[in-house]
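The values are calculated or read from the model by the stated rules, or taken from the named source; none is laboratory data. All values reported here derive from a predicted model rather than from experimental measurement. Ideal geometry is used to build each Cβ from the backbone, glycine not excepted, and the neighbour counts take in all protein chains shown. When the accessible area is computed, the model is the full protein with side chains, heavy atoms only, and any ligands, DNA or RNA have been set aside. Shrake-Rupley method; radii C 1.70, N 1.55, O 1.52, S 1.80 Å.
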Amino acid sequence: MDTDPELSDSWWERVKYYARLAIERVEEGVDAVKELLSSLTIDQRLGVILEFEDVDPQKFAQLVSDAPQWTEWMG
């Protein structure tokens, strides 16, 4: 685990940025979200999903409804 606070902050800022992009992409469709997530590391993907669900639970619910297999994208 990274213990440098500056690096941790910068990692989390990137994850929050990607989460905002994922939220915007829900309107473009499931494939747009999947494409974004596929470009990230697994730890970034997990962070994005956690942030996404926290920031916009309605859109997250929409994603889960539109793509019940979304958990497969995490691996």
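Some points to look at:
- Translational diffusion coefficient (Stokes-Einstein; Kirkwood radius from C-alpha pairs) of the chain at 20 °C, 1.002 mPa s, in µm²/s: 171 µm²/s
- Gained length - VAL30 relative to TRP73, 0.36 nm times residue gap less alpha-carbon distance: 14.4 nm
- Derived scalar couplings between HN and Hα for the range 26-39 equal 4, 5, 7, x, 4, 4, 5, 5, 4, 4, 4, 4, 5, 8 Hz in order, rounded to whole Hz, by the Karplus curve 6.51 cos²θ - 1.76 cosθ + 1.60 (θ = phi - 60°), x for Gly and Pro.
- Å² per residue, accessible surface of the range 5-73 at 1.4 Å: 63 Å²
- Efficiency of FRET from Cβ geometry, SER38 and TRP12, R₀ 25 Å, rounded to 0.05: 0.75
- For the range 43-60, 3J(HN,Hα) per residue [Karplus equation, 6.51 cos²θ - 1.76 cosθ + 1.60, θ = phi - 60°, Hz, x = Gly/Pro]: 5, 5, 4, 5, x, 4, 5, 4, 5, 4, 4, 6, 6, 9, x, 5, 5, 5
- Measuring nothing but protein heavy atoms, the accessible surface of the range 5-73 at 1.4 Å probe radius is 51 percent carbon and sulfur.
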